[in-house]
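J.: Structure provided below as structure tokens; questions to follow.
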């Protein structure tokens, strides 16, 4: 039987300082629950086969779309980006704490490979 335990999200955020580098804190239904600290700019990317959920715990996340729209996601809010939609998350310089639910197969920067791409995710 799988271990059943409470996961303290604030405590997990305190365990790392890397930015734009998701850390796995759990899994359910073939998906990972990931935490990520975000600051400044990320890369334009899309996920061909997966929707992407951003849940902000601290700060304000800005998500830019190719049509020029920028959506603000504030603390306590979520944004779901449909599969195939190109987007670029970024912040206004503040550190943002974000939680993601993603299928285990989701690639960090979709089909894009950049210096920011993380290929091996760590559990914390």
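The values are calculated or read from the model by the stated rules, or taken from the named source; none is laboratory data. These numbers come from a predicted model, not from an experiment. Quick reminder, even Gly has a Cβ in these numbers, built from the backbone with ideal geometry, and neighbours come from all protein chains shown.
J.: Test residue 107 against the criterion of being modelled with pLDDT of 95 or more and either within 30 Å of residue 5 (Cα to Cα) or part of a strand (DSSP E or B) (or both), and give yes or no.
T.: Considered against the rule, which asks whether it is modelled with pLDDT of 95 or more and either within 30 Å of residue 5 (Cα to Cα) or part of a strand (DSSP E or B) (or both), residue 107 comes out as no.
J.: Still on this structure: For the range 33-55, which residues satisfy the criterion of being surrounded by 16 or more Cβ atoms within 10 Å (Cβ to Cβ), touching a residue at least 60 places away in the same chain (Cβ under 8 Å) and over 12 Å from the mean Cα position of the chain (by Cα)?
T.: 43, 44, 45, 46, 47
J.: Would you mind stating whether residue 124 is modelled with pLDDT under 95 and touching a helix residue (DSSP H, G or I) at 6+ places or on another chain (Cβ under 9 Å)?
T.: When the stated conditions are applied, residue 124 passes them.
J.: Would you call residue 100 at pLDDT below 95 and closer than 26 Å to residue 14 by Cα? Before you say what the answer is, go through the steps one by one.
T.: On the way: at pLDDT below 95: yes; closer than 26 Å to residue 14 by Cα: yes.
The answer is yes for residue 100.
J.: Can you tell me how many residues within the range 66-94 are part of a loop (DSSP other than H, G, I, E, B) and either farther than 19 Å from residue 9 by Cα or under 13 Å from the mean Cα position of the chain (by Cα) (or both)?
T.: Adding up the residues that qualify gives 13.
J.: Here is a list: 17, 30, 8. Which entry is within 29 Å of residue 64 (Cβ to Cβ), more than 14 Å from the chain's Cα centre (by Cα) and either without any contact (Cβ under 8 Å) to a residue 12 or more places away in the chain or exposed (fewer than 15 other Cβ atoms within 10 Å of the Cβ) (or both)?
T.: Unique residue meeting the criteria: 17.
J.: From 40, 67, 51, which residue is more than 21 Å from residue 16 (Cα to Cα) and at pLDDT 95 or above?
T.: 67
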